[in-house]
1. Tell me the residue from ILE11, ILE102, ILE54 that is touching a residue at least 60 places away in the same chain (Cβ under 8 Å), assigned to a helix (DSSP H, G or I), of a type in the set (A, V, I, L, M) and in contact with an Asp or Glu (Cβ under 8 Å, 6 or more places away or on another chain), please.
2. Taking the stretch 74-83 only, how many residues are part of a helix (DSSP H, G or I) and surrounded by 14 or more Cβ atoms within 10 Å (Cβ to Cβ)?
3. Among the residues of the stretch 66-91, what is the count of those that are without any contact (Cβ under 8 Å) to a residue 40 or more places away in the chain and either closer than 21 Å to LYS17 by Cα or not acidic (Asp, Glu) (or both)?
4. In the stretch 29-49, how many residues are buried (at least 18 other Cβ atoms within 10 Å of the Cβ) and under 18 Å from LEU70 (Cα atoms)?
5. With part of a loop (DSSP other than H, G, I, E, B) and either out of contact with any His (no Cβ under 9 Å at 6 or more places or on another chain) or polar (S, T, N, Q) (or both) as the only criterion, which of HIS108, HIS59 stands out?
Amino acid sequence: MPADIASRTDIESLLTKFYERAFADDVIGFIFTEITHLDLATHLPVIANFWEDILLGTHHYHGNPVKVHLEIDRLSELNENQFNRWLFLWQITVDRYFTGPIADEARHRANNIAKVMIAKILQKRQ
Ligand code: HEM
């Protein structure tokens, strides 16, 4: 029986599993491997800071995710279908490894953030 997300280590392992799927994905994989050549060794700690703040109440992340994704959109236009795919991969990865209120929060917050992000991207493009 999986346990809930309870530590930085849990978040790092969730992100590692998630990006394994995302990099290999037919719909969004190319954005990581061909458009941005994302170096996970550098980025995973930053993204872990983001999620640790949201899920465990720390204050480590000082970035601007909307701005970062607007920059990606300039390299290769992002669309709702890709965001839905990102969310689907996130939901199944959370479900596969964790269960409990923090895991529910991880799914719920990703959903809200993704909706805001894509809305801002589409709005900025007009
Ligand atoms: C189609 C959907 C998405 C794609 C293709 C995508 C892709 C990426 C890529 C390539 C980066 C690294 C950018 C760089 O080179 O600096 C990144 C960073 C990041 N992504 Fe996403 N992303 C998506 C959706 C999301 C969503 C929904 C969230 C949050 C719920 C999220 C959270 C983050 C965070 C926190 C960072 C780090 C930002 C920073 O460097 O400060 N992403 N994303």
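1. Step by step, each of ILE11, ILE102, ILE54 is checked, and only ILE102 is touching a residue at least 60 places away in the same chain (Cβ under 8 Å), assigned to a helix (DSSP H, G or I), of a type in the set (A, V, I, L, M) and in contact with an Asp or Glu (Cβ under 8 Å, 6 or more places away or on another chain).
2. 2
3. Selection size over the stretch 66-91: 9.
4. 3
5. HIS59
Throughout, read-outs are computed from the coordinates displayed, never taken from laboratory work. Not measured: the values here are computed from a predicted model. Backbone-built Cβ (ideal geometry, glycine too); neighbour counts: all protein chains shown.
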